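Take a look at the structure set out below.
The values are calculated or read from the model by the stated rules, or taken from the named source; none is laboratory data. Everything numeric here is computed off the predicted structure, so don't read it as measured data. Please note: Cβ atoms are built from the backbone with ideal geometry, for glycine as well, and neighbour counts cover all protein chains shown. Side chains included, ligands, DNA and RNA excluded: accessible areas come from the protein's heavy atoms. Shrake-Rupley method; radii C 1.70, N 1.55, O 1.52, S 1.80 Å.
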Amino acid sequence: MAYIDSFFQALIDSGASDLHLGEGQPPKIRRHGDIVPIRDEVLTREEAEYMLSEIAGAEAWAKFVERGDLDFAYEMNEEARFRCNYLKQAHGYGAVFRLIPTKIATIEQLGVPAVIKEFGELRGGLVLVTGPTGSGKSTTLAALIDYINVNFSRHIVTIEEPIEFVHRNKRSIITQREVPEHASSFPSGLKAALREDADIVLVGEMRDLETISLALTAAETGLLVFGTLHTNNARKTVDRLIDVFPSDQQAQVRTMLAASLRGVVAQLLMKKADGSGRVAVNEILVSTPAVGAIIREGATQKLEDVIIGGKQFGMQFMDDAIWDQLRHGVVSPREAYMKAIDKARFRKFLPPEEEGL
């Protein structure tokens, strides 16, 4: 048993999601969105070095000491895997560990809209799952991949940094590749997937021009591509994809995106009013001829109206999803106001002392 495992056990026992270690401060955990210390005494250089190097292994530790950054996954036991990020900071060594559930939840268990399943039934195109860090994008994507795995015979290639949820083959064949362990980068993994007889490719992070360009090309050539972006809603997602490209290429990219985009699932996590945890809320964009036309002409401000009016296609506007949670008393007026796009819609529900927010 590694020295750090007792910290991980404390995290699991308290129902927390992340462990934060920083030299010169007490170890802390994130529970239901809030960060709290788990002991009073601060982490020393010796303790940090011992606990971090022990689970990284000599080779990876040497790499971290030289570069100042390290990403990998650590399996404490069959029930607990962690996504590990090591960093150097002003006071010395630091690390953040995210608990990855080993049991993959279903779309029903997550409470996300069932229309998401339809994205798993497609034979080609681009589907984006978006949201800020820690909003459950990976969890939703894992549920979608598992739905495909249970119901269809496909070859699914995932390119991740690091591998989070481990999928066992059910009806599908799943090839999971880790950057930089198995593929040197996301673009190289994506290029290789085109030669690996894949039906579906999951790109863990679409953060640069080359990856986005290759994903669009792969989607155009008949692959079903799932990707993630750190954007809060469908409109920002479309804008981000196009803005990555130089201005002289943007018209062509809009045409490509209009043809290949099948949907956007934006996700936020909101704190429940009773303090019992968090609830996912989603904006759903389903590609229709109207959506394609809007993307082609670069008028993304019109997407909001299309989403609001597209309920029969399974579309859902983020503020409407937030309103539902507020209406049913699941979240507080303050939480709804903080997460909403149109603040004015929710301001009137704030208690008088908070109206100046």
**Prompt:** Roughly how many debye, to the nearest 20, is the charge dipole of the range 156-311 about its Cα centre, given +1 on each Lys and Arg Cβ, -1 on each Asp and Glu Cβ, and no other charges?
**Reply:** 540
**Request:** Taking a cut-off of 15 Å between Cα atoms, list the aspartates and glutamates near K63, but don't count ones fewer than 8 places away on the same chain.
**Result:** E49, E54, D71, E181
**Item:** Sum of side-chain charges, A280 neighbourhood, beta-carbon under 14 Å (Lys, Arg +1; Asp, Glu -1)
**Value:** +1
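By average Cβ neighbour count within 10 Å, what is the ranking of 100-109, 280-289 from highest down?
Details: 100-109: 14.3, 280-289: 21.5.
Ranking the peptides 100-109, 280-289 by packing returns 280-289, 100-109.
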**Complete:** As a percent rounded to 5, the proportion of antiparallel DSSP bridges among beta bridges in the chain is 60
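Could you work out the local net charge near D197, counting Lys and Arg as +1, Asp and Glu as -1, over the other residues with Cβ closer than 15 Å to its Cβ?
Numbers: positive: R123, R154, R177, K191, R195; negative: E196, D199.
Net of charged neighbours comes to +3.
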**Fill in**
In order over the range 66-75: 3J(HN,Hα) from phi, Karplus 6.51/-1.76/1.60, θ = phi - 60°, whole Hz, x for each Gly or Pro, gives 6, 9, x, 8, 7, 10, 7, 10, 10, 9
**Item:** Estimated FRET transfer efficiency (E108, K170; beta-carbon r; R0 22 Å; 0.05)
**Value:** 0.85
**Message:** At 1.4 Å probe radius, can you tell me the per residue accessible area of the chain in Å²?
**Reply:** 46
**Fill in**
Taking a crude spin-label model, label points 7 Å out from Cα along the C-beta direction, the T255 to M1 distance in nm is 6.3
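Go through K28/K88; K88/K191; K236/K339; K236/K343 and tell me which ones have a Cα-Cα distance over 21 Å in this structure.
Numbers: K28/K88 17 Å; K88/K191 32 Å; K236/K339 15 Å; K236/K343 17 Å.
Pairs exceeding the cut-off: K88/K191.
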**Complete:** Here the relative contact order (percent) of the range 252-350, from C-alpha pairs under 8 Å and at least 6 apart, is 26
**J(HN,Hα) series, the range 334-349, from Karplus relation 6.51 cos²θ - 1.76 cosθ + 1.60, nearest Hz, glycine and proline x** = 5, 5, 4, 4, 5, 8, 6, 7, 8, 4, 4, 4, 9, 4, 5, 8
**Asked** Given that just one value was derived from the coordinates, which of (1) 21.3, 61; (2) 22.5, 70; (3) 21.0, 80 is Rg and Dmax of the Cα atoms in Å?
**Response** (1)
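If you roll a 1.4 angstrom probe over the protein chains with everything in place, what fraction of the accessible area of the chain belongs to carbon and sulfur, to the nearest %? Can you show the working numbers first?
Details: 8090 of 16390 Å².
Roughly 49 percent, rounded to a whole number.
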**Prompt:** Within the range 203-357, what percent of beta bridges assigned by DSSP are antiparallel, to the nearest 5?
**Reply:** 90
**Estimated inter-spin distance, S185 and T44, nm [label 7 Å along Cα→Cβ]** = 4.3
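Given contacts defined as C-alpha pairs under 8 Å and at least six residues apart, what's the relative contact order of the range 165-219, whole-number percent? Kindly include the intermediate steps, with their values, before the conclusion.
Working: 22 pairs, mean separation 15.5, N = 55.
The value is 28 percent.
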**Asked** With each run of n ≥ 4 DSSP H residues scored as -39500 (n - 2.57), what mean residue ellipticity at 222 nm is computed for the chain after dividing by its residue count and rounding to the nearest 500 deg cm²/dmol?
**Response** -10500 deg cm²/dmol
**Asked** So what is the relative contact order for the chain, in percent, with contacts set as C-alpha pairs under 8 Å and at least six apart?
**Response** 12
**Item:** Highest average packing first - 217-228, 238-249, Cβ atoms within 10 Å
**Value:** 217-228, 238-249
**Asked** Out of residues 5 or more away from R278 or on other chains, whose amide H comes under 5 Å of its own, with H placed 1.01 Å from N in the peptide plane?
**Response** K272
**Request:** Could I have the simple spin-label model distance between E78 and K63, label points 7 Å from Cα toward Cβ, reported in nm to one decimal?
**Result:** 2.9
